[in-house]
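Structure, as structure tokens:
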Amino acid sequence: MIDCNNPQIKSWKYVSADSDFSIQNLPFGIYIDVSGKKIACSAIGDEIIDLAILHQLGYFNGIQLPEKIFQSEFLNNFIALGKSLTRSVRQRLSDLLNENNDVLKKATEHHSSIFKKQTEVVMSLPVQIGDYTDFYSSIDHATNVGKMFRDPQNALLPNWKHLPVGYHGRASSICVSGHQFHRPKGQTKPADVEQPVYGPTRLLDFELETAFIIGKKTSMGESVSTENASDYIFGMVLFNDWSARDIQTWEYVPLGPFLAKNFASTISPWIITLDALETFRVPGYNQDPKVLRYLQYEGEKNIDIRLEVAIQPQNGIETHICTSNYKYMYWTMEQQLAHHTVNGCNINVGDMMASGTISGPEPNEYGSMLELTWRGTKPLTLKDGSERKFINDGDTVIIRGHCERNGVRVGFGECKATVLPVINS
Ligand code: CA
């Protein structure tokens, strides 16, 4: 076991029982300080921990860190130092916050510069995302979509159980939680007209996903095995892959999604390390038929991450609309990465690979409006009495996720974004 994951460890900092940021979490992010500078940070309870100031004050002495490693717009250079160093930093944070260690606890003159309320700081995108890939690895989601758009008897296409289907997405429009974006416009072809039309999407949807961030690069020609894949995965975030279903339906044949997906995506600001998530591993899906050798793996490779989505209308209260779990994934991250690199495709630190919509088997566990309302045929009723088939202007969609076991909670915080009306043109 990783030492700082020990459920017995308690912090001298106050952490409420329902906090995502226990001493067993210690995620990494980037915040914007009062002068507008971007600085690497971690979190404990409802506070952030300024890593640059900790470093300046000598609290990382003995760890071979470059002087300005935490005074950076993004975490890429820190992550690229490698897991032996990033693990040492997480372990040191755990030691400094441990209730049995009073070195930092007693240095009260340092506290106000190191610890800041999360509600009083603005978080920034944690990594510069190089390449972004989106998979399609939830069997319940793929089955639901196949039933709706193709053949209920043959919902999964012939390749689906043999390889983790994916496509290359676009990194430029991935934003950190808290942003707003305008309803996208585009070309659609409603069923009742002969020719395509131009206008705002009428079927704006969210997709409940997670994404993993690459922590170690490869060279062209190199392939990552399922056995070694976790060495290349730094951590995970929550991910909302906003989708315009009417644009998607018209454009996606034969090359897959394009403008229906690349207008905006939202990630949660904290990267939860794969190390912190190891505690919550569960067995993977029973894969039948047996997959090819390069996709086989040993051990427990799924993770029990409880996921939920809420919609908050403009000036209104939140309505919880679905619950799901990362453990429903048919293909694991390790298999996705092995498949992504099997042809020699190289990967870089900061690349992001999303899971695909994570749906569970029950109707309240579907990870998109498309499935929850079954193409709009079964609208949801929000707490304010209004109905939703898809997402309205003014709506904020909030994804939350956390793991919990043996009294330890490790969570992701929030992944939220608000839809603004279309810009007329
Ligand atoms: Ca997706």
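Remarks
- Derived scalar couplings between HN and Hα for the range 113-128 equal 8, 8, 9, 9, 4, 4, 6, 9, 10, 9, 8, 10, 4, x, 10, 7 Hz in order, rounded to whole Hz, by the Karplus curve 6.51 cos²θ - 1.76 cosθ + 1.60 (θ = phi - 60°), x for Gly and Pro.
- 10 Å Cβ shell holding at most 11 others, DSSP loop, trypsin sites (Lys or Arg not before Pro): longest site-free stretch of the chain: 69-289
- Dipole of the range 1-104 computed with +1 at Lys/Arg Cβ and -1 at Asp/Glu Cβ about the Cα centre; of Asn5, Ser88, Leu51, farthest Cα towards the positive end is Ser88.
- All lysines inside 23 Å of Lys161 as judged from Cα atoms, apart from same-chain residues fewer than 8 positions distant: Lys147, Lys290, Lys301, Lys327
- For the chain: relative contact order, % (alpha-carbon pairs under 8 angstrom, 6 or more apart): 21 percent
- Cα gyration tensor category, rounded, prolate or oblate, for the range 153-220 with a/c compared to 1.5: oblate
- Sum of side-chain charges, Ile347 neighbourhood, beta-carbon under 13 Å (Lys, Arg +1; Asp, Glu -1): -2
- Other residues within the sphere of radius under 14 Å centred on the Cβ of Ile214, judged by their own Cβ, net out at -2 (K and R +1, D and E -1).
- With a cut-off of 13 Å between beta carbons, the residues surrounding Phe412 carry a summed charge of -1, where Lys and Arg count +1 and Asp and Glu -1.
- Charge dipole (the chain, unit charges on Cβ, about Cα centre) - positive-most of Ser172, Thr279, His110: Ser172
- For the range 167-177, backbone phi angles converted through the Karplus equation (6.51, -1.76, 1.60; θ = phi - 60°) give residue-by-residue couplings of 8, 7, x, 10, 7, 4, 9, 7, 10, 7, 3 Hz, Gly and Pro being listed as x.
- Coupling constants for the range 47-64 follow from the phi torsions by the Karplus curve (6.51 cos²θ - 1.76 cosθ + 1.60, θ = phi - 60°), and in residue order they are 10, 9, 10, 6, 6, 5, 5, 4, 5, 4, 7, x, 6, 9, 3, x, 9, 6 Hz; glycine and proline get x.
- Amide H contacts for Ile321 (H built 1.01 Å from N in the peptide plane; partners 5 or more residues away or on another chain; cut-off under 5 Å): Val309, Ala310, Ile311.
- Filtered GluC sites (Glu not before Pro), the range 251-300: DSSP coil and at most 12 other beta carbons within 10 Å: Glu298
- Solvent-accessible area per residue for the chain (1.4 angstrom probe, square angstrom): 44 Å²
- Three-way shape label, the range 27-116, alpha-carbon gyration tensor, a/c 1.5: oblate
- Shape class for the range 206-260: oblate, because the ratio a/c of the largest to smallest gyration tensor axis (alpha-carbon atoms, square roots of eigenvalues) is 1.5 or more and b/c is at least a/b.
- Cβ-placed point charges (K, R +1; D, E -1), dipole of the range 1-139 about Cα centre in debye, nearest 20: 300 debye
- Heavy-atom accessible surface of the chain: percent carbon and sulfur, 1.4 Å: 49 percent
- Placed amide H near Ser265: partners under 5 Å, 5+ positions off or other chain: Ile174, Cys175
- Val253 contributes about 100 Å² of solvent-accessible surface, heavy atoms of the protein only, 1.4 Å probe.
The values are calculated or read from the model by the stated rules, or taken from the named source; none is laboratory data. From a predicted model like this one, the values you see are computed outputs, not experimental measurements. Positions of Cβ are generated from backbone atoms using ideal geometry, with glycine treated the same way; all protein chains shown enter the neighbour counts. Accessible surface areas use protein heavy atoms only, side chains included; no ligands, DNA or RNA. Shrake-Rupley method; radii C 1.70, N 1.55, O 1.52, S 1.80 Å.
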